[in-house]
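Below: one structure, written as structure tokens.
Where a number appears in this text, it was derived from the coordinates with a stated rule and is not lab data. Model, not experiment: these values are computed from the prediction. So basically every Cβ, Gly included, is an ideal-geometry build from the backbone, and we count neighbours across all protein chains shown.
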Amino acid sequence: MIVAFTDLDDTLFQTLRKLPPGMQGLTPATLGRNGQPHSFCTPAQAALLAHFEASGITVIPVTGRDPAAMARVTLPFTSWRVLDHGLTILRPDGQVDAEWRDRVLETLHPLQDALEECTVAVSERAAALGCRLSRHTAHDTPFMTVLKHPDADAGRLEQVQLVLEAHLATRGYADLHVIANANNVSVLPRHLGKAEAVRHLREQHFPQAALTLALGDSLSDLAFMNACDLALTPPGGQLLRTLTAAKLPQR
Ligand SMILES: [Mg+2]
């Protein structure tokens, strides 16, 4: 048995804005809040998914999407699903994995004060920079604060990121961390994320897998990609851009 754990946005599909103008052969993959197609698979991404299906490979999404955003994904996923950056696991029947939820809630409860304090600490600066702040919950419990800029202004988002990271460092909040991509900056628990969810699924439900693949585009995917046998990442994604810019010494 082969299992592919895969990030969704910017790995299996993306919005038109991120594709070359006029690209042909796109397959709708998600709906926007207005019910219209919002993200699309390129022919290559569609070919990969078709290959997985034809080969009997089990495909498990590992995404930051919450259940409502996952419901707007129109690709047919029928196995386990990892949502909310790892804090929610859905079973193949679509029900929340209660054992995982209980572990997550045990981890989240002691972090509530620190998360609230970070949110308050960044809110004034974020507003002055024109960034929108939103609080996200998993299992009815706050777990993440997300800052977005309407024009995805990289400089302003970076300033928000630095404020958050400085606050975490000053207060010694090692159990929270900051992740960033082109569109937003988020503060969320360091543990029980995508990597732990993938390890949990491997151990509990796929111990017999001969090969596990990991697909992701972002630095925040690295930890779960390191928990699999082999990693695939798209060109132009945050991961390869970072590596390309790093000018690493070759040893
Ligand atoms: Mg992604």
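Can you give me the long-range amide H partners of residue 144? Hydrogens built in the peptide plane at 1.01 Å from N, cutoff under 5 Å, separation of 5 or more residues or another chain.
Under 5 Å from the amide H of residue 144: 136.
Pick from 61, 142, 150: which is most flexible by mean-square fluctuation in a GNM of the chain where alpha carbon atoms under 10 Å apart are linked?
150
Using a cut-off of 20 Å between alpha-carbon atoms, which lysines can reach residue 148, once sequence neighbours fewer than 8 places away in the same chain are excluded?
Within the straight-line cut-off, residue 148 pairs with 18.
Report, by chain and number, residues whose modeled amide H sits under 5 Å from the one on residue 231, excluding near sequence neighbours (fewer than 5 apart, same chain).
214
Taking each pair of distinct Cα atoms in the chain once, what is the resulting Kirkwood hydrodynamic radius in Å?
Evaluated over the chain, this radius sits at 19.1 Å.
As a test of the formula, what do you get for the chain when each DSSP H run with n ≥ 4 contributes -39,500 (n - 2.57) and the sum is divided by the residue count, at 222 nm and rounded to the nearest 500 deg cm²/dmol?
When only DSSP H runs of four or more count, the value is -10500 deg cm²/dmol.
Quick one: net charge around residue 209, please, counting Lys, Arg +1 and Asp, Glu -1 for every other residue with C-beta under 14 Å from its C-beta.
So the environment of residue 209 carries a net charge of 0.
Would you work out the relative contact order for the stretch 110-189, in percent, from Cα pairs under 8 angstrom that are 6 or more residues apart?
After rounding, I find 31 percent.
Full extension from residue 133 to residue 98: what is 0.36 nm times the residue separation minus their Cα-Cα distance, to one decimal in nm?
Working it through step by step, the gained length comes to 9.7 nm.
Using modelled amide H (1.01 Å from N, peptide plane; none on Pro or chain starts), what sits under 5 Å from the amide H of residue 38, excluding residues fewer than 5 places away?
Here 29, 30, 31, 32 satisfy the definition.
About the Cα centre of the stretch 110-189, how large is the charge dipole given +1 on each Lys and Arg Cβ and -1 on each Asp and Glu Cβ? Please answer in debye to the nearest 20.
So the dipole magnitude of the stretch 110-189 works out to roughly 160 debye.
For the chain, return all DSSP H helices satisfying: extent of Cα atoms along own axis at least 30 Å; mean Kyte-Doolittle hydropathy at least -0.5.
In the chain, no H run is both long and hydrophobic enough.
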